[in-house]
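Chemist: Sharing a structure below in structure tokens format, with a few things to ask.
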Amino acid sequence: MTTRLLVCTVCLVSLTGLAVHSEPLEISWSDLREGRLVECSEFLEGYLSNPGCLPRDLSDRMLSMQIAECVPGNSNLEGSLVLIAGYAHPVEFEFKDVKSLLLVPKLSQKCRHPTAPLPDQVISVEYPEGVDITADPVWVTGKLFIRQSQSELAPSIYRIKASEIVTATIPDVSAAE
């Protein structure tokens, strides 16, 4: 009886360990947009189009509230272990051993001042180990949560507590859009 109990315990511990160390779900920036409200599509397209490449921001309170209502986030991804490629921007003006950053997709190069990404295209990343930020894209692995936050740079809908950040290549980011 004791041997059976020991074998069952070892099997249970092994299976639990496998579940904890599952592979992350590779997601794209379009996966994050899936929660957008259909009735807001004309409004969002109007905001994102930028005739004349005028500098824009989300400083208008009414505009930012309307955008937040239109992009609630993809609730199907809540709590998922994910892997996503993007560009890291430090929240503070530090580039060494950065623990808080924003992850964004490749921005349009048509304008000198591209329109700020919508909140569902910005991920607030916490990485306790710290990372040095360069112009190179990165892969971020971690648990994804829908948590609205506002920084000086941009509002975000998503938050990741990262377990790993590694260098990516530009084709990785382009393919992941």
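Chemist: Modelling each spin label as a point 7 Å along the Cα-to-Cβ direction, I'd like the Thr134/Asn50 distance in nm, to one decimal.
Modeler: Distance between label points: 2.6 nm.
Chemist: Here is a follow-up. With Cβ to Cβ distances under 14 Å as the rule, what net charge do the other residues near Glu126 carry (K, R +1; D, E -1)?
Modeler: Result for the local shell: +1.
Chemist: For the residues Phe145, Phe95, what sequence is obtained by ranking on other C-beta atoms within 10 Å, fewest first?
Modeler: Going from least to most buried by this count: Phe95, Phe145.
Chemist: Using DSSP to call loops (not H, G, I, E or B), can you name the trypsin sites (Lys or Arg not before Pro) in region 74-160 whose Cβ has at most 12 other Cβ atoms within 10 angstrom?
Modeler: Taking region 74-160 and a limit of 12 other Cβ atoms within 10 Å, the loop trypsin sites (Lys or Arg not before Pro) found are Lys96, Lys110, Arg112.
Chemist: Which listed residue (Phe145, Phe93, Val125) has the Cα farthest towards the positive end of the charge dipole for region 24-175, taking +1 on Lys and Arg C-beta and -1 on Asp and Glu C-beta about the Cα centre?
Modeler: Farthest towards the positive pole: Phe93.
Chemist: Does region 76-116 come out rounded, prolate or oblate, given a ≥ b ≥ c as the square roots of the eigenvalues of its C-alpha gyration tensor, rounded meaning a/c under 1.5 and, failing that, prolate meaning a/b above b/c?
Modeler: Oblate.
Chemist: What lysines sit close enough to Lys96 to cross-link, taking a C-alpha to C-alpha distance under 21 Å and skipping anything fewer than 8 places away on the same chain?
Modeler: The qualifying lysines are Lys161.
Chemist: Still on this model: Please compute the length gained on full extension between Ser108 and Phe43, using 0.36 nm multiplied by the number of residues separating them and subtracting their Cα-Cα distance.
Modeler: Computed gain between Ser108 and Phe43 is 21.5 nm.
Chemist: Mind ranking 82-89, 62-69 by how tightly packed they are, going by the mean number of other C-beta atoms within 10 angstrom, highest first?
Modeler: Per-residue mean Cβ counts within 10 Å order the peptides as 82-89, 62-69.
Chemist: First select every other residue whose beta carbon is under 14 angstrom from the beta carbon of Lys96; then total the charges, Lys and Arg +1, Asp and Glu -1.
Modeler: Residues close to Lys96 contribute a combined charge of -4.
Chemist: Right, another one. Assuming a ≥ b ≥ c are the square roots of the Cα gyration tensor eigenvalues, decide whether region 81-177 counts as rounded (a/c under 1.5), prolate (otherwise, with a/b larger than b/c) or oblate.
Modeler: rounded
Chemist: Can you tell me the dipole magnitude for region 24-175 around its Cα centre, using point charges on the Cβ only (Lys, Arg +1; Asp, Glu -1), in Debye to the nearest 20?
Modeler: So the dipole magnitude of region 24-175 works out to roughly 180 debye.
Throughout, read-outs are computed from the coordinates displayed, never taken from laboratory work. Note that the structure is predicted; figures quoted are calculated from it, not measured. Note that we place each Cβ from the backbone using ideal geometry, even for glycine, and neighbour counts take in every protein chain shown.
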